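The structure appears below as structure tokens.
Just so it is clear, none of the values below were taken in a lab; they were calculated from the coordinates. As the structure is a computational prediction, the values presented were derived from the model and not from experiment. Don't worry about glycine lacking a Cβ; one is built from the backbone with ideal geometry, like all the others, and counts go over all protein chains shown.
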Amino acid sequence: MAIWNPSKRACTTVWSTLRVLDQNDGPFSMSGDIKVSELTYWSAGSTVKMRQLQANSLANQMDNIFREIRGAKYEEGVSREKALQDIVSTLMDEEKTISDLAEVADANYIFWGEESAG
């Protein structure tokens, strides 16, 4: 599992974004261990195709908030398509956690106040 830390911008940005999108209403300290299958977009009764559509929609919303509201930029060599693909892949794996999602976000975006990993 990724490191869930309030000092890590990817963690706080993913957490606050999921709150704004009504996906998770838990406190930061307890949210890192929450599985993506516990987020509101995930429905046990959904088909894989429906879940894929929902994950794509959520990934697009997250990307838009990261870039257009939170001022994030893509890491060097990362395209929008790659970032979205990585987020969707994480959102489709029921064993992944919000902390894992933050790790994926950290690998794809430079958040406000951060320096490029590249």
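Over all pairs of different C-alpha atoms, the stretch 9-103 has a mean inverse distance whose reciprocal, the Kirkwood radius, equals 13.4 Å. Volume per residue of the convex hull around the Cα atoms, evaluated for the stretch 11-50, comes out as 76 Å³. If you wrap the tightest convex hull around every Cα atom of the stretch 51-114 and split its volume per residue, you get 73 Å³. Extension gain for GLN61 to ASN5 (0.36 nm times residue separation, less C-alpha to C-alpha distance): 17.9 nm. By the count of neighbouring beta-carbon atoms within 10 Å, fewest first, VAL88, VAL20 end up ordered VAL20, VAL88. In plain terms, the residue of PHE111, PHE66, PHE28 with the fewest other Cβ atoms within 10 Å comes first and the most crowded comes last, giving PHE28, PHE111, PHE66. Our helix-only sum for the chain, with -39,500 (n - 2.57) per DSSP H run of n ≥ 4 divided by its residues, gives a mean residue ellipticity at 222 nm of -14500 deg cm²/dmol.
Ordered by the number of other Cβ atoms lying within 10 Å of each residue's own Cβ, fewest first, LYS96, LYS82 fall into the sequence LYS82, LYS96. Basic side chains Lys and Arg get +1 at the Cβ, acidic Asp and Glu get -1 at the Cβ, and with that the dipole of the chain about its Cα centre reaches some 260 debye. Scoring 10-18, 52-60 by mean Cβ neighbours within 10 Å over their residues and listing the highest first yields 10-18, 52-60. When the Gaussian network model of the chain links Cα atoms closer than 10 Å, the mean-square fluctuations of ALA44, ALA102, ALA72 top out at ALA44.
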